[in-house]
1. Kindly provide the set of residues from the range 141-165 that are assigned to a helix (DSSP H, G or I) and over 20 Å from the mean Cα position of the chain (by Cα), ordered by number.
2. Kindly indicate whether residue 188 is closer than 26 Å to residue 111 by Cβ and either in contact (Cβ under 8 Å) with a residue 40 or more places away in the chain or not assigned by TED's automatic domain parsing to the domain that holds residue 85 (or both).
3. Taking the condition part of a loop (DSSP other than H, G, I, E, B), crowded, with 17+ Cβ neighbours inside 10 Å and assigned by TED's automatic domain parsing to the domain that holds residue 274, does residue 218 pass?
4. Within the range 280-359, considering only helices (runs of 4 or more DSSP H) that don't extend past its boundaries, which have at least 3 residues that are at positive phi, in contact (Cβ under 8 Å) with a residue 24 or more places away in the chain and buried (at least 22 other Cβ atoms within 10 Å of the Cβ)?
5. Regarding residue 70, is this residue closer than 22 Å to residue 167 by Cα, within 21 Å of the chain's Cα centre (by Cα) and either at pLDDT below 70 or not in a helix (DSSP H, G or I) (or both)?
6. Taking the condition at pLDDT 90 or above, in contact with a strand residue (DSSP E or B) (Cβ under 6 Å, 6 or more places away or on another chain), in the same structural domain as residue 19 (by TED's automatic domain parsing) and closer than 23 Å to residue 276 by Cα, does residue 144 pass?
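The values are calculated or read from the model by the stated rules, or taken from the named source; none is laboratory data. Just so you know, these numbers come straight off a predicted model, no measurement behind them. A quick note on method: Cβ atoms are made from the backbone with ideal geometry, for glycine too, and the neighbour counts reach across all protein chains shown.
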């Protein structure tokens, strides 16, 4: 079986959860005998050589529309993140006014055009320019052979906003089990947060919360390409509190498993998460976990993790204090290693491919 995987054009230079999901799924699929190729915009492809196309990240439909009419069946990992709340709360007054009048899909359309005008993204597919954001997403969903959301919660949110009758198969995200065989039994450091620096990940509220405690925080991540001003804001705040806050950039991803093991707590107080991949990894390493109460996180972590309100600094602070006083518990670690691995994700993905091709 030959499969072409397609993601946003900057998936490898501005890495996020979608990058990790695609790469790790491909890695295990190759072990299962699937020939996986990544699409590159600078390469010429004979698309008819592929049995199937696997699209990622439906909230960036400008990158995906060109693959919907090639005569090759395609599936979509939706990764349906909702930016509406963070856009409303953290942008300027004129930005919020436009969003309230035009709606979030039209706002995303304008943001897409702005990225291309500034040279931060390729010029969108002509069909996307005509259809716009909402119609393009609906078009992709309806033409797909199958949708592969990361949770049932994500599937329900997506269908509610973009009704369709396309078959759905939930493919939960995972961790690389072999990297987390030995957890740390006695972590020496307090709090870790691994995430790109961007409004969505909410590092600034986390820093405001940490300085109201006696805990020390390490933030690991690079600035999102379009949010350097937010990153500078975080840097300036950290410089005012050098005894409590440390920022590490350009940290090698292959060293993260060992880094997690040094910390008692991992926190991700995002405005929205479909999964919170770094929290899955941190849990597998033995960390106590605090995660946003927004999005689809509860379907993964249940009552084995603690939650915070990303918009409430007191909620983040209280969660940090509570979890810092809670003994490490192996229950969440075992739950993740048993139910959320890339081996399971890839096997489920292969079954989805086979269902589509044998239909």
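1. 142, 143, 160
2. no
3. Here the answer is no, as residue 218 does not meet what is asked.
4. Output list is empty.
5. no
6. So residue 144 fails the test.
Let's see how each residue does on (1) in a helix (DSSP H, G or I); (2) within 23 Å of residue 311 (Cβ to Cβ):
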{"position": "179", "(1), (2)": "yes, no"}
{"position": "187", "(1), (2)": "no, no"}
{"position": "207", "(1), (2)": "yes, yes"}
{"position": "213", "(1), (2)": "no, yes"}
{"position": "236", "(1), (2)": "yes, yes"}
{"position": "239", "(1), (2)": "yes, no"}
{"position": "251", "(1), (2)": "no, no"}
{"position": "254", "(1), (2)": "yes, no"}
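Residue-wise test of (1) crowded, with 22+ Cβ neighbours inside 10 Å; (2) within 18 Å of residue 288 (Cβ to Cβ).
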position: 177; (1), (2): no, no
position: 199; (1), (2): no, no
position: 208; (1), (2): no, no
position: 213; (1), (2): no, yes
position: 267; (1), (2): yes, yes
